[in-house]
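Participant: Before I ask anything, let me first share the structure, which is written out below as structure tokens.
The values are calculated or read from the model by the stated rules, or taken from the named source; none is laboratory data. Keep in mind that this is a model prediction, so the values were computed, not measured. Using ideal geometry, Cβ is built from the backbone for each residue, glycine included, and neighbour counts are taken over all protein chains shown. Only protein heavy atoms, including side chains, enter the accessible area calculation; ligands, DNA and RNA are left aside. Shrake-Rupley method; radii C 1.70, N 1.55, O 1.52, S 1.80 Å.
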Amino acid sequence: MRFATSVLALAASANAACVARNPNGPGANSGYPVLAHNAVVASNGTAKAMSSKVAAAAAATSVSATTSAIPSASPLGEVKAASIPVKSNLVAPNNIKGFNYGAFFMNQQAKLQADFAYEFNRAKNLPGTSGWSSARLYSMVQWHTANDVIQAIPAAIDTQTTLLLGLWISGGPQAIDNEIAALKKAISQYGNKFTDLVVGLSVGSEDLYRQGSGEVGTTPEYLIECIAKVRDAIRGTPLEGTQIGHVDTYDSFANGNNRAVIDHIDWLGFDGYPFWEKNNPNSIENAHERFYEGFSKTKALAGSKPIYVTETGWPVVGKQQGAAVASAENARRYWKDIACSLVEAGVNLWWYDLQESQYGQAEPDFGIFPAGDLGQLQPSYELTC
């Protein structure tokens, strides 16, 4: 479902070699969002300019937080255990609505706390819709650091944005070690102000897809090992009991060599992009069928485990892929069909993307907003259902 991400692979390799940073970004076909200038021009300009997924991987080093119309108190509930509050309910709330957030701008400038906060606040105040108060991050590590906590975390606390945390694992063993180090720092530094906002943990993002495509990914065995490391790392902390999942494409989950991963996670993250499925009928008229075909296959593989839609969207700008045409009109149609139907069904959803272009023009551009100051711009298409 994704296109080749050689750039993403390079970013992942560079990050792993460069003090074990994790390339994070949206799924294989989505560009990763990058924020705007200071608090004044916050917007997500994704590295997608190189390739949706390429930029995504490059952003792996940082993660974003979620703005929440969801209660600021932990929606998962807590109990005391050995004097440490831990989440008591392994089931994340339904009806979560949010966006994917990368770690840096298209010019490789790291997003700072003010940038993330600016973006989270804009997501909470969209015309024609409401409740988009959650952030999915690709990494716990601040861009251009070894294992400092991504500044999306304090921004999420300030804006009461809920978080689907991501830990980048591709590119070498130091990646997961740095991610866990940053996660532990965040728990220690911010305590329950941080952990109460966490609605889930994602170990990796489309690693199986990239591995199968000859890019920088991981084997299912290594992924399972990383999942175990994360469970061990949060044991005895306020995040103990938080549901852990993995985000990938449905065909990657369906691969017989990868199915063992499903036994080790609590939820499956589905990344679905009909726009990229040019080997199948993928015009906007076929988009509903393409998306729900992949969603249904993932659901069948998951059994009783929940499915989160962790990435989907339609570009406003970009080259035609098969019969799929990028345009504001088609993006609006896709939103009304897919976003609105998922929200109505109460499926947890992190849309791709709030704003992809910043400090450059993403190609393709999946952003709801074009480049510029998010506080001053209007969406490229209507968001009403």
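Participant: Each residue of region 358-363 in order: what ³J(HN,Hα) in whole Hz does its phi give by Karplus 6.51 cos²θ - 1.76 cosθ + 1.60, θ = phi - 60°, with x for Gly and Pro?
Facilitator: 7, 6, x, 10, 5, 9
Participant: With unit charges on the beta carbons (Lys and Arg positive, Asp and Glu negative) and the dipole taken about the Cα centre of region 124-211, which residue among Ser170, Ile157, Val141 sits farthest to the positive side?
Facilitator: Ile157
Participant: Would you mind checking region 291-330 for residues with the amide N under 17 Å from a putative spin-label position 7 Å along Cα→C-beta of Asn94?
Facilitator: Answer for region 291-330: 296, 299-300, 303-310.
Participant: Considering all alpha-carbon pairs of region 283-327, what whole percent are spaced by more than 12 angstrom?
Facilitator: Tail fraction, whole percent: 68.
Participant: If amide hydrogens are placed 1.01 Å from N in the peptide plane, which non-local residues have theirs closer than 5 Å to the one on Phe104?
Facilitator: Amide H neighbours of Phe104: Leu35, Lys111.
Participant: Using all Cα-Cα distances in region 206-259, what percent lands in each 5 angstrom bin from 0 up to the longest?
Facilitator: 4, 19, 26, 20, 13, 11, 5, 1
Participant: Output wanted: per-residue J couplings in Hz (rounded whole) for region 243-248, from phi through Karplus 6.51 cos²θ - 1.76 cosθ + 1.60, θ = phi - 60°, x for Gly and Pro.
Facilitator: So the Karplus estimates, Gly and Pro as x, are 5, 10, x, 9, 9, 7 Hz.
Participant: Using only the C-alpha atoms of region 107-224, find the volume of their convex hull and express it per residue in Å³. Walk me through the intermediate numbers first.
Facilitator: Working: hull volume 15.4 nm³, N = 118.
Here the figure is 131 Å³ per residue.
Participant: Something else about it: Round to a whole number: what % of the accessible area of region 154-241 belongs to carbon and sulfur, probe 1.4 Å?
Facilitator: Percent of accessible area from carbon and sulfur atoms in region 154-241: 50.
Participant: Moving on to the next point. Given the convex hull over the Cα atoms of region 224-333, what projected area results after averaging over all orientations, in nm²? Don't jump to the answer; show the numbers that get you there.
Facilitator: Values: hull surface 33.7 nm².
That works out to 8.4 nm².
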